Amino acid sequence: MTETVETGAPYRAGKLILVRHGETEGNVAKVLDTRVPGLPLTERGVAQAKSFGAALPVPPRRLFSSPALRARQTAGHIESVTGVPAEVLDGVYEVQVGDLEGAGSDAAHRLFQDVYHRWHHGELEARLPGGESGQDVLDRYLLVLEHLRLTYLTPGDLHEEGDILLVSHGAAMRLAGRVLGGVAAPFATNNHLDNTETIELVPQYAPTGGVEADFLGWECVRWGRYTPPFDTEIEPTADDPMG
């Protein structure tokens, strides 16, 4: 795809900000909660969502969420602070864990982490028992992100201000962020996202022939509390249940 831009350095459109939902009852209970609609936010999760919205330097241009209850509630509280209407997008719900749904045992979490880490090391065909493979997750999730890029984040949107926010889920976000932003393991597997932390992606465009801009790919400019480069050796953080 090409768009007309001025000749010069590579052009960057606005950011796509993936936001992990606020704390849920499932997070507190340490259960694998992935099936839509899923469990609601806790009071702390509500406060996190409102604080996130209040801390934004400017309101987002558009605000979206996954269909899961926790994501819709988080987006709703961001809407209440910013005034930007929240819209639901299918395809960006959490990794579906199948037979592990609702499990909270150490064995269940070890099995999920084993398969999930294999995805980050390129074994995308590995599948959770009765659930998704890594490729299944990427096929549905990245399709939505590409739609958002083409609709809101091209050089043709120079007149628009503000970023695009998508409230989603930790495990799916990390897998998509690794693939799109080139954030490799072990960083991507050692650093989970706390509730309402973000992965921020910038689509890059380069002028071609002085007037046309080709899409070059995404650059990851934030992963939770970290900014590039993402090759720092960091000890694994304590990973709460994805969701």
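So how many residues does region 11-22 have that are of a type outside the set (A, V, I, L, M) and surrounded by fewer than 24 Cβ atoms within 10 Å (Cβ to Cβ)? Break it down stepwise before answering.
Just the residues of region 11-22 that are of a type outside the set (A, V, I, L, M), to begin with: 11-12, 14-15, 20-22.
Applying the additional criterion that residues be surrounded by fewer than 24 Cβ atoms within 10 Å (Cβ to Cβ) yields 11-12, 14-15.
Of the residues in that region, 4 qualify.
Is it fair to say Pro85 is touching a strand residue (DSSP E or B) at 6+ places or on another chain (Cβ under 8 Å), surrounded by fewer than 17 Cβ atoms within 10 Å (Cβ to Cβ) and not aliphatic (A, V, I, L, M)? It would help to see each step written out before you state the result.
Details: touching a strand residue (DSSP E or B) at 6+ places or on another chain (Cβ under 8 Å): yes; surrounded by fewer than 17 Cβ atoms within 10 Å (Cβ to Cβ): yes; not aliphatic (A, V, I, L, M): yes.
It is true that Pro85 is touching a strand residue (DSSP E or B) at 6+ places or on another chain (Cβ under 8 Å), surrounded by fewer than 17 Cβ atoms within 10 Å (Cβ to Cβ) and not aliphatic (A, V, I, L, M).
Please verify whether region 177-189 includes one or more residues that are of a type in the set (A, V, I, L, M, F, W, C), farther than 18 Å from Gln113 by Cβ and modelled with pLDDT of 95 or more.
yes
For the condition crowded, with 22+ Cβ neighbours inside 10 Å and part of a helix (DSSP H, G or I), what is the one hit in Arg70, Arg44? Don't jump to the end; show me each part of the working.
Numbers: Arg44 fails: crowded, with 22+ Cβ neighbours inside 10 Å.
After applying the criteria, what remains is Arg70.
Residue check: is Leu100 closer than 11 Å to Ser168 by Cα and hydrophobic (A, V, I, L, M, F, W, C)? Please lay out each step first, then the result.
Details: closer than 11 Å to Ser168 by Cα: no; hydrophobic (A, V, I, L, M, F, W, C): yes.
The answer is no for Leu100.
Each row is one residue, and each column tells you yes or no for (1) touching a Gly at 6+ places or on another chain (Cβ under 9 Å); (2) in a helix (DSSP H, G or I); (3) open to solvent by 40 Å² or more (accessible area, probe 1.4 Å); (4) of a type in the set (Phe, Trp, Tyr).
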position: Thr74; (1), (2), (3), (4): yes, yes, no, no
position: Tyr93; (1), (2), (3), (4): yes, no, yes, yes
position: Leu111; (1), (2), (3), (4): no, yes, yes, no
position: Tyr116; (1), (2), (3), (4): yes, yes, no, yes
position: Trp119; (1), (2), (3), (4): yes, yes, no, yes
position: Gly130; (1), (2), (3), (4): yes, no, yes, no
position: Asp136; (1), (2), (3), (4): no, yes, yes, no
position: Arg140; (1), (2), (3), (4): yes, yes, no, no
position: Leu165; (1), (2), (3), (4): no, no, no, no
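Give the residues of region 51-67 that are part of a helix (DSSP H, G or I) and surrounded by fewer than 17 Cβ atoms within 10 Å (Cβ to Cβ), sorted by residue number.
Just the residues of region 51-67 that are part of a helix (DSSP H, G or I), to begin with: 51-55.
Those that are part of a helix (DSSP H, G or I) and surrounded by fewer than 17 Cβ atoms within 10 Å (Cβ to Cβ): Ser51, Ala54, Ala55.
Which condition breaks for Pro129 when tested against (1) under 29 Å from Ala86 (Cβ atoms); (2) at pLDDT 95 or above?
Failed condition: (1).
Residue-by-condition table, conditions (1) modelled with pLDDT of 90 or more; (2) open to solvent by 50 Å² or more (accessible area, probe 1.4 Å); (3) in contact with a strand residue (DSSP E or B) (Cβ under 7 Å, 6 or more places away or on another chain):
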residue	(1), (2), (3)
Leu201	yes, no, yes
Gly209	no, yes, no
Gly217	yes, no, yes
Cys220	yes, no, yes
Arg225	yes, yes, no
Phe230	no, no, yes
Ala238	no, yes, no
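The values are calculated or read from the model by the stated rules, or taken from the named source; none is laboratory data. These numbers were taken from a predicted model, which means no experiment stands behind them. Counting neighbours? That spans all protein chains shown, and the Cβs are built from the backbone with ideal geometry, glycine included. Please note that ligands, DNA and RNA were not included when accessible areas were found on the heavy atoms of the full protein model with its side chains. Shrake-Rupley method; radii C 1.70, N 1.55, O 1.52, S 1.80 Å.
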